[in-house]
Each structure stands twice: as structure tokens, then as C-alpha cells.
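> Encoded as C-alpha cells, here's the structure I'll be asking about.
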Amino acid sequence: MLRSRQNAVRYNWGFRFALWCSILWGTFFVAVGLLVRDDRFMGVAFSVRDSFHAAYVIESIVAVLIAVMCLAWLGFTGKLLDYAKVMFGHHRENHMLMLCALFGGLASYLSYVVGSWVDTTFAIGMVMFYPILGGIVAHLWSHERISQRCIVGLVFIISGCIVLYLPAVFGTEFGQRVLLSCTLGLLSGIGWGMEAVLASRVMDFVDSEVSNAVRYAYEAILWLVITAIVLIAPTGVPLPAYYAEVFSSPTSLVFLFFISLCFMLNAFSWYKSFTLCGVAKGLALSDLSGIISALYGMLLITASPSWTETLACMIMGVGVFIVYDRESRTAATLRDVDMTPSVRRLRRSRSTEMLPNKVYALVEIAEKGPLWDYDVVRAMESRAVDPHRKARFRRQIRVYLIEASAAGLLAPIEERVDDGSCISQGLLLSRYALTEYGCARLQNMGFMAMAEEAAAQPGLDRMEKVV
């Protein structure tokens, strides 16, 4: 009963984070719509060609601001050391976060371009097919479970996208820019869908907030390098005029700070939802941002969405509610993988000091065999940066183990209720063993290497229960 309740709580928290993501996403896009509207950027008129330059200025400034905000947040939560280990550790997940920065950065940039051409609701609605792409890739690559109910909900979402796209492509509502807008929208959706899949793989081993901070650090570096090249080389691109206009206006800076804050919190919620309820469901619920942006658009911009946009958002909203499957809340894992506890003996292949906390917890179990969650917490207490935050650190380690279990990396082979002598009275205590899937993933990422074969590790006599 406690196990089912814990899984349901995890699943519901994933949907809450995805819901917050949709609210913040809609707020963010409407704010960008106010920033770039009526062919004007910060009050300066620009042509269709110049809109690419204006979007670049917004994206580069916002990426740097988000990277700084993420560092400030990690300093507040005591995760800066983990950030340094991932950023400078030369692990494989580091390279995957570089790809996340590339896919996500280009998707954001193209969305700003389209947002300056068409209304906000259409700009945000045209990328809403990405749960289909993300779900398919996550299913094929990570073996993510996708129920029949979830498939029906995704069909509704793609139907809403078709309703949105077809009248725009074959009509004249947005003029000659609409075909290019739809093309850029497709590219944006592909970029964000691929980022979601890559991020979910990274977060098997790295905290979601740390992953997000590293990803935006790489994106900020990318835009700074490109900006330096453009400013130094005689390209004729009028970026200095746009930058000068932004930095000379306190109102513009405050506006961009608000946009960056919304996007940072949105990205934190977006990444966290993948670890708790899966990529397909996390992406699907974030599609509610279309309805939210339409409501914001009517309230703040006094521009009512067209009937096709309204119908498309309603169809997508129905799909989102279908995706939320109450029966699957108690599912133990998000992936259809080999959950057999591994009997192979592994040895760590990297220095313990350079391992992020989430990886360290998995390595402890992989090396020493099945461990109770409170034993893992006690073994890692010395890694708490701030002694005054040890209670929070303990809770965070238990969350890491729960997330790893949901991802199929760990399997609980024994459970009991805490009588108050371990962590907290009435709490579910689990004894975790590394699964065959977790063993393969740790080896593939370069954290563990094979030692001699072990006959049988203690505690695996209850393997039949797990299977």
C-alpha cells in the first residue's frame, strides 16, 4: 500500500511540475509577444529580415540571464559542487547536455522569430506536436512505457495541431509569412522534443536542476561566442544597434529579466516532470500552455485568437486530460526494461570525488550490493556541503533513489515501515539492488567497469518477488 502510494505521489508531482511548466510557458510567450509586436522590437521598427537579428538579441540575452539565475539558485540550494562536477567532469552526460543546449537554443531562437510575425497563440500552438516526437523517440531509445490511453491522448493532440496548421497554410490569414512560420515551428518542435529525450537520459544520473543549469551554461557560451564573432567580423549585421537599444532602456532590461525568470522556472519544472512521470506525459501536459497563452492574449494584448486556434487548443486540452491516466499512477517504473536485480560485481571506474551525488548513490549500491535507502543516506552525509542542510540533503538522496527506481535503474527487493529508528516513523524504507538495465547504463556511461563475476550478492534471495 505504501509503495503504491509513493508511486502515486511521484506521478502526481510529475504532473504538477508539468502543469507549472505550461503556465510559465504561456506567460513567457505572451511576454515575448508584448516585447516583439507590430513589427517593432523595443520600440524600434524592423523588417522581416531584421526579425532574425532581433530574435537573436533576445535569445542571447535571455540565455545568459538564465545561466546566471541558475547559478544563483544552485548556490541557494547547495548544489554548486554538483554543478562543477558535471560541468568540468568530462562525463558522457556532459556531452548530451551540450546537445540539449544546441537543440533547445535553436528551438527558442526560431520561436522568437515566429512570435514576431504571427500572434502568440499560433506561435506557441505550432510546436505542440512535440509530445508525439518525444514519446516515440523515448519509447524506441529508452523503452518508455506508453499506455493505450496515452496514445489516444496523443492522437487528440496531433489532431489539434492539424486543425491549427491546415487553415493557416492554405488560408491567407497571416499573409505570406505563414508558410515559413509553420516550417520554423516544425523545426522548433523537433528541437524541443529531442532536448526532452536527451535530458531524460541525462537525469538518470544528474539532478534535474543541475542538468538545467549546465545546459543553459553551454547555451550562454554558444551565443556569446557567436556574438563575439559577429561583432568582430565585418558582417554588416546590425546587432550593436539592437544591443545598444536594449541596454539603454531600463524598462527593456526589467522586461527581459522577467522573461528569463519565467523561462528558468519553466525549464526547471519541465525537466523535473520527465523524471517523475515520463517524457511523453510531461510534454503532453505542457501543451496546456496553448490554452493559457490564448487566455493571456485576450486579457493582456486584447487580441482574441481565431476560431481555428481556439478549436485546436480545445482539442489539445482534451488530449492532455486523456493522457492523465489515474490507473497508471501506481506503476513502479516508467520504462519497460529488465528489472532483474544484477548479480554481477562492478567496480567504479572514476574518482568518487568527481561523481555527482545522484551517480554516487547508484555507485554505492552497484559496488556494495543491495543497500537500504537509509544506509545510502548515511554513507553520503559527509558530502553535504552545508551541515545545517543535512535534513534537506537526506530527503534529496531518497528522492534520487525513488527517481532511479522509476527509471528502472534500481529495484526494491525488500521493504518495511520505519519504526522511527532510521529516518522518520511511518516512512516506507526500501532496500535497493541495481538492475540489469541499471548495470548496463552505468557501464555505458563510463561510471562502472566489470570485476570478477559474483556468485550471489546478499539479499537477492527475494528476487522472485521483484520478477
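Please treat every number below as a calculation from the coordinates, not as lab data. Keep in mind that what you see is a predicted model, and the values were worked out from it rather than measured. Backbone-built Cβ (ideal geometry, glycine too); neighbour counts: all protein chains shown.
> Using a 7 Å offset from the Cα along the Cα-to-Cβ direction at both residue 314 and residue 338, what is the distance between the two label points in nm, to one decimal?
Going by the 7 Å Cα→Cβ label model, 5.0 nm.
> Sticking with this one: What residues have an amide H closer than 5 Å to that of residue 435, excluding those fewer than 5 places away on the same chain, when H is modeled at 1.01 Å from N in the peptide plane?
Excluding prolines and chain starts, which carry no amide H, the hits are 342, 410, 411.
> Same structure, new question: Need the full-extension length gain, residue 253 to residue 321, defined as separation in residues times 0.36 nm minus the C-alpha distance. One decimal, nm. Kindly include the intermediate steps, with their values, before the conclusion.
Numbers: separation 68, 0.36 × 68 = 24.48 nm, distance 3.76 nm.
Net length gain for the segment: 20.7 nm.
> State the extension gain, in nm to one decimal, for the chain segment bounded by residue 140 and residue 180, taking 0.36 nm per residue of separation less the distance between their alpha-carbons.
Values: separation 40, 0.36 × 40 = 14.40 nm, distance 3.05 nm.
Going from the current span to full extension adds 11.4 nm.
> Here is a follow-up. Which entries in 85/281; 85/358; 281/390 show an alpha-carbon gap greater than 21 Å? The partial results should precede the final answer.
Details: 85/281 30 Å; 85/358 12 Å; 281/390 33 Å.
Exceeds cut-off: 85/281; 281/390.
> Each label point is 7 Å from the Cα along the Cα-to-Cβ direction; what then is the distance between the points at residue 389 and residue 12, in nm?
2.8 nm
> Return 435, 308, 77, 275 ranked ascending by Cβ neighbour count within 10 Å, so the fewest neighbours appear first. Before the final figure, lay out each step's value.
Details: 435 24, 308 19, 77 16, 275 28.
The order, fewest Cβ neighbours first, is 77, 308, 435, 275.
> Quick one: order 113, 279 by neighbouring beta-carbon count within 10 Å, fewest to most. Could the numbers behind the result be given before it?
On the way: 113 24, 279 30.
Taking fewest neighbouring Cβ atoms as first place, the list is 113, 279.
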